[in-house]
Amino acid sequence: MNLDFNLPEDVEEARQKARKFANDEFKEEIAQTHDHEELYPYELRKKAFKAGLVRIDNPWNMLLTMEEFCRVDPGLGLSVLASVFGSELLLLYGTDEQKQKYMEPVLDGSKISALAVTEPGAGSDVAGISTKLETSNNEFLLNGQKMFITNATIADFFYVLARTSPPPSKEKRHHGMSVAIVDRQWPGVSVNKLKGKLGMRATDTAEIKFDGVKVPKENIIGEIGKGFYYIMTFFNISRVYVAAQSVGIAQGALDELLNYAKNLGSNEESMQFILAESAAKIEAARLLTYKAAWLVFQFNPDPALTSMAKYFSAEVANSVTESVLEYMGQKGLLSKLERLYRDSKITEIWEGTSEIEKLVIARTLVKRAMQGDQIVK
Amino acid sequence: MQLLKQVIEEFSEKEIDPVALSIEREGLTKEVLNSLAEKGFLGALAPVEQGGAGLDGRGYSVLLEVLARHSPSVAMYVFLQNSLFINPLLKYGSNELSQGVIPLIASGKSSGTFVNYLLTGNEITIDGSIIYGVANHIPNGSAQMCLVLAKSASGGQLVLLDKGFKAVNDSRKLGFRGLNFSSISFDGASAKSILISENAEAEIMKIYNESASYISAIALGIGGAALDMAVSYAKERQAFESRLIEFQPIAFLLVKLISEFNVYERYLYGISSVKDSMMLKELALDFSRRASRTSLQVHGGYGYIEDSGIERFYRDSMALELLTGSYTRDRVELSKELLGVESAKY
Ligand SMILES: Cc1cc2nc3c(=O)[nH]c(=O)nc-3n(C[C@H](O)[C@H](O)[C@H](O)COP(=O)(O)OP(=O)(O)OC[C@H]3O[C@@H](n4cnc5c(N)ncnc54)[C@H](O)[C@@H]3O)c2cc1C
């Protein structure tokens, strides 16, 4: 029996380091300004890189850093960490040249990446996208539009999912898509920042238009036509990070309630129950998230488990921030809780809505049941 | 009542809809306030002789519900002027005082706000007729007049001020962004009039309890509008080559919420006691939040952006509860009402 819930020492250290950084740097005033004015925290991002806190080559550290950052301020924390968004695509499927040219500068903090999948007409239904990559002489021509893309106005380049051929049949809608690396500065690319988000307002979100953008062949990732599968594999990794965001947000709300309880010495049982229920939910979400991550990080992911972690943790982030804010009333309204409440909602939407996660879980489990396989790893 | 509803609906479409988004970003404009005053809505509960509309409880509920559908901030503003300013003046002020003050509110020449430490937790005290203390995040905080619940040696007092206090603009928070919020400091302000001179807390709780059906009307307006928008979006939007409304989880969630809405709305217009009101509020606020959250979710990424007009319902449905009540206090009051226990304290 070697079941062990202790994190390795170096990972625990990374957690402490992330917590200290967040507590020192994500001051309430700074968080408020970035939230109100929808400002991207350029300086904080640099500092976090300098402190060695953004490390996709060390996923456990990254996961716990995500949790601790979001616990203090989700908008700032995510802005900093999502500057490497999409890098796993190259890590898994990129050529050496692509890695060197695009991924490495992102990992050392000198460049920013973005992942552009969603379109105005297709979000959940990834196979419904209509952006096209067509061959023309020795290169590709990119035409179409992307929507709600994190980092789009500040990124140096985007990983773009587009159709390289029409779906061969109704059942095979997932075929015929490819991922291309597209520089933001290339002719024909235009971005338009979206303002007025409910939460995560320090993060940059924009729409992108591609109008006859020339894309060289060497900027296609992996094999032509396999883009959908690459993106799904990517989501299987990134969703555990969203789960960690959610755990962090919920923990941040619980921290506020604990502080309140500690200082007030209240013996109201209604408060005690909210506290107890929240703490139990958070711990369950955390364990589920770590288990899903544990499989992902040893290259043995269980998509059902990852989706469970993402869906469940998002639900916990939303319900915990809601009940804690409701209980704390105007005190909560004037604290960071109101921001946590707004920030929590996105976890049910991005990188697969909760509805989509549930469909993944159910379909995977039924398939396993039909094949007589083990239901969950 | 149908007629009244239609009048308010037409008014809202004409005067509010075109500026609903700019109200969220820049606040209520003079034009909107003037048009509300012209219709008598700022003095909805005030008698006609004082420039009001003299609406009864039902008419006033219709007003708030319809306004909230178009702009929760506008509904909240009207609620503040009527339920938390004109109503206590009519109830506790002298005839002379209300005749002097209410026409100013009803005509929009002046506006009022209510500072209640029971909700804000700020220490506001009164010594003789001099008020001390600072209150945070007061909606319509730049009002010219202020009703204040202050602590004195002889318990709470309710006083009216028309000068001597300073308001400093607060930053935008969760909800009702069309109203400006301020911190108000009272150091040394003297009261124009003392409306309740002792044990005002209990009376103030009564005012909130009696307002429960109006708070519910706003909650139902928010939830109802959020649901309408979700239904029409789900009928249009396609994913996986089907309309969203064809997916059972979406349809089933919407029909449950629509059923709740209809039951609550019908109940609202049959309310005949404070107890009825308080029971509805317990359910309507929660409904409003769930309906808004569901609507946002159905709208996907679009729901997350201000332009869609959905996310404000999500924010406002929560802010409504935080600004008009307190989790524990409301339920302690309801326990008195329904269980006959004096105080559920532990
Ligand atoms: C702030 C922000 C940042 C984002 N960043 C990125 C990014 O960096 N890159 C990127 O590519 N995208 C990004 N997105 C987009 C995000 O991933 C999509 O919004 C999300 O996938 C949902 O897609 P949609 O908005 O088109 O909603 P839709 O797909 O239209 O869905 C609308 C609703 O219908 C539900 N639904 C759909 N199909 C079904 C079904 N079969 N059964 C039941 N319910 C269903 C959905 O769950 C949702 O509730 C971002 C979005 C936001 C708001």
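The values are calculated or read from the model by the stated rules, or taken from the named source; none is laboratory data. Just so you know, these numbers come straight off a predicted model, no measurement behind them. Note: ideal-geometry Cβ built from the backbone for every residue, glycine included; neighbour counts use all protein chains shown. The accessibility values were calculated without ligands, DNA or RNA, using every heavy atom of the protein model including side chains. Shrake-Rupley method; radii C 1.70, N 1.55, O 1.52, S 1.80 Å.
Looking at residue A:355, is it open to solvent by 10 Å² or more (accessible area, probe 1.4 Å), within 10 Å of chain B (Cβ to nearest Cβ), assigned to a helix (DSSP H, G or I) and closer than 15 Å to residue A:279 by Cα? For residue A:355, the condition - open to solvent by 10 Å² or more (accessible area, probe 1.4 Å), within 10 Å of chain B (Cβ to nearest Cβ), assigned to a helix (DSSP H, G or I) and closer than 15 Å to residue A:279 by Cα - is not met.
Being out of contact with any Gly (no Cβ under 6 Å at 6 or more places or on another chain) and at the interface with chain A (Cβ under 9 Å from one of its Cβ atoms) is a property that residue B:302 has. Only one entry of A:342, A:363, A:368 meets the criterion of being within 14 Å of chain B (Cβ to nearest Cβ), modelled with pLDDT of 95 or more and more than 18 Å from the chain's Cα centre (by Cα), and that entry is A:363. Taking residues in the range A:181-209 that are within 11 Å of chain B (Cβ to nearest Cβ) and more than 20 Å from residue B:172 (Cα to Cα), and partners anywhere that are polar (S, T, N, Q) and open to solvent by 30 Å² or more (accessible area, probe 1.4 Å), the pairs with Cβ atoms closer than 6 Å and at least 6 places apart or on different chains are A:207/A:192. Only a single criterion out of (1) in a loop (DSSP other than H, G, I, E, B); (2) away from chain B (no Cβ under 14 Å); (3) more than 29 Å from residue A:54 (Cβ to Cβ) is not satisfied by residue A:110, namely (3).
Of all the residues in the range B:104-132, those that are assigned to a helix (DSSP H, G or I), open to solvent by 20 Å² or more (accessible area, probe 1.4 Å) and in contact (Cβ under 8 Å) with a residue 60 or more places away in the chain number 2.
On the basis of being of a type in the set (Lys, Arg), closer than 16 Å to residue B:69 by Cα and surrounded by 24 or more Cβ atoms within 10 Å (Cβ to Cβ), does residue B:290 make the cut? So residue B:290 does not fit the description; no. From the set of residues in the range A:121-142 that are hydroxyl-bearing (Ser, Thr, Tyr) and touching a strand residue (DSSP E or B) at 6+ places or on another chain (Cβ under 7 Å), which is nearest to the other protein chains (Cβ to nearest Cβ)? Across the range A:121-142, the extreme among qualifying residues is A:124. Residues considered: B:232, B:216. Of these, the only one that is at negative phi and surrounded by fewer than 18 Cβ atoms within 10 Å (Cβ to Cβ) is B:232. For the range B:281-302, filtering for residues that are free of Cβ contacts under 8 Å to residues at least 60 places away in the same chain, out of contact with any Lys or Arg (no Cβ under 9 Å at 6 or more places or on another chain) and within 12 Å of the ligand (Cβ to nearest atom) leaves 1.
Looking at the structure I just gave you, is residue A:344 in the same structural domain as residue A:279 (by TED's automatic domain parsing) and open to solvent by less than 10 Å² (accessible area, probe 1.4 Å)? Yes: the conditions hold for residue A:344.
Residues in the range A:125-153 that are more than 9 Å from the ligand (Cβ to nearest atom), touching a helix residue (DSSP H, G or I) at 6+ places or on another chain (Cβ under 8 Å) and open to solvent by less than 30 Å² (accessible area, probe 1.4 Å) were compared, and the one that is nearest to residue A:98 (Cα to Cα) is A:140. The residues of the range A:213-234 that are out of contact with any strand residue (DSSP E or B) (no Cβ under 6 Å at 6 or more places or on another chain) and buried (at least 23 other Cβ atoms within 10 Å of the Cβ) amount to a single one, A:234. Taken over the range B:246-273, the criterion of being open to solvent by less than 60 Å² (accessible area, probe 1.4 Å) and more than 10 Å from the ligand (Cβ to nearest atom) is satisfied by B:254, B:257, B:260, B:261, B:264, B:265, B:268, B:269, B:270, B:271, B:273. If the condition is being open to solvent by 10 Å² or more (accessible area, probe 1.4 Å), within 13 Å of residue A:246 (Cα to Cα) and not hydrophobic (A, V, I, L, M, F, W, C), then the range A:281-313 contributes A:281, A:283, A:286, A:290, A:311.
Number of residues in the range A:316-339 that are more than 21 Å from residue B:138 (Cα to Cα) and either away from chain B (no Cβ under 11 Å) or part of a loop (DSSP other than H, G, I, E, B) (or both) equals 3. Residue count for the range A:103-114 satisfying the condition of being within 14 Å of the ligand (Cβ to nearest atom) and more than 14 Å from residue A:207 (Cβ to Cβ): 2. Can you tell me which residue is farthest from the other protein chains (Cβ to nearest Cβ) among those in the range A:149-161 that are touching a Phe, Trp or Tyr at 6+ places or on another chain (Cβ under 8 Å) and outside any loop (DSSP other than H, G, I, E, B)? Step by step, filter the range A:149-161, then rank; the result is A:157.
The lone criterion from (1) within 16 Å of the ligand (Cβ to nearest atom); (2) away from chain A (no Cβ under 14 Å); (3) touching a helix residue (DSSP H, G or I) at 6+ places or on another chain (Cβ under 7 Å); (4) farther than 23 Å from residue A:148 by Cβ left unmet by residue B:278 is number (1). The sole residue among A:336, A:345 that is closer than 24 Å to residue A:126 by Cβ and of a type in the set (D, E, K, R) is A:345.
Only one of the numbered conditions (1) away from every other protein chain (no Cβ under 14 Å); (2) within 13 Å of the ligand (Cβ to nearest atom); (3) surrounded by fewer than 17 Cβ atoms within 10 Å (Cβ to Cβ) is violated by residue A:166, and that is (2).
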